[in-house]
Amino acid sequence: MLECKSVERRFGGLVALTGVDMHINRGEIFGLVGPNGSGKTTLTNAITGFYPPQVGSIVLNGRDITGTPPHKVARMGVARTFQNLALFNGMTVLDNILLGRHVHMKPSVWRTALYPWASKHEEVAHRHVVEEIIDFLQLEGVRDELVDVLPIGLKKRVELARALVAEPSFLILDEPMAGMNQEEKEYMARFVLDAREERGVTVLLIEHHMDIITGICDRMLVLSYGEVIDTGIPSQVIADPRVIKAYLGGAHGAA
């Protein structure tokens, strides 16, 4: 599904990523972990076109997308959620989710003017997809609520819904369980697994919660200071002394 080859990204004198190689197979849930500032979000921004790499290449479904603008990457079947919530306050859950259909919409002055004939059936089709995702993520009870008043766990679920209504083949989830309690994390993990099984989505999951990574990911990769320190099956990677040191520090790693 995705292959990153020798990716490097610099911001002035700061090297955010250097020599990063990563491949994700179709149908995988792939974990990307690392301490704060290790380059996880920079890598996802490189994949989605926000900050293209200065060195290396990114290949999606056999097609080189290095430097492709974000809106074109989205149309290739890539959707994402953000580390910091990017919902629209003052709008309902339903309207926030409906915005995720924009990549499939074809707006124009003439289509608006001729709405009953040219656009009404398209809007009905979009709303059908939205309602299906609302049912899928069990958001029926809050569909007409303003997102402003929702707790963090439901807000994260709404953002996942907005990504899924784009009908992506590749889904990037940037810390989707941050700020959640244990029960909310388990719900979200179940929804991620269901998205893979029922909707055929390949997932890149960025997380700090190692219990989630080891529980639902097929493989994982660990970044530290912009470099790959290990990749493979989660149960083996988390036992790597380099990974332990990166997360816990030298003294704890030695212990």
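The values are calculated or read from the model by the stated rules, or taken from the named source; none is laboratory data. Being a predicted model, the structure only gives us computed values, none of them experimental. Every residue, glycine as well, gets a Cβ built from its backbone with ideal geometry; the counts of neighbours run over all protein chains shown.
If a residue must be aliphatic (A, V, I, L, M), in a loop (DSSP other than H, G, I, E, B) and surrounded by 15 or more Cβ atoms within 10 Å (Cβ to Cβ), how many such residues does the range 77-90 contain?
Number of matching residues: 2.
Hey, could you check the range 167-211 for residues that are small (Gly, Ala, Ser) and under 14 Å from Leu137 (Cβ atoms) and say which is surrounded by the most Cβ atoms within 10 Å (Cβ to Cβ)?
Ala195
Run Val33 past the list (1) buried (at least 22 other Cβ atoms within 10 Å of the Cβ); (2) modelled with pLDDT under 90 and report the number of the one that doesn't hold.
All conditions pass for Val33, except number (2).
So Ile229 clears everything in (1) among the aliphatic types (A, V, I, L, M); (2) crowded, with 19+ Cβ neighbours inside 10 Å; (3) modelled with pLDDT of 90 or more; (4) under 21 Å from Thr42 (Cβ atoms) except one condition, right? Which one?
In the conditions (1) among the aliphatic types (A, V, I, L, M); (2) crowded, with 19+ Cβ neighbours inside 10 Å; (3) modelled with pLDDT of 90 or more; (4) under 21 Å from Thr42 (Cβ atoms), Ile229 misses (2) alone.
Going through Thr18, Thr41 one at a time, which residue ends up being under 19 Å from the mean Cα position of the chain (by Cα) and surrounded by 14 or more Cβ atoms within 10 Å (Cβ to Cβ)?
Just a single option satisfies the conditions, and that option is Thr41.
So if I check each of Leu173, Leu160, Leu154, Leu204, which one is within 15 Å of the chain's Cα centre (by Cα) and outside the structural domain of Gly49 (by TED's automatic domain parsing)?
From the options Leu173, Leu160, Leu154, Leu204, the qualifying one is Leu160.
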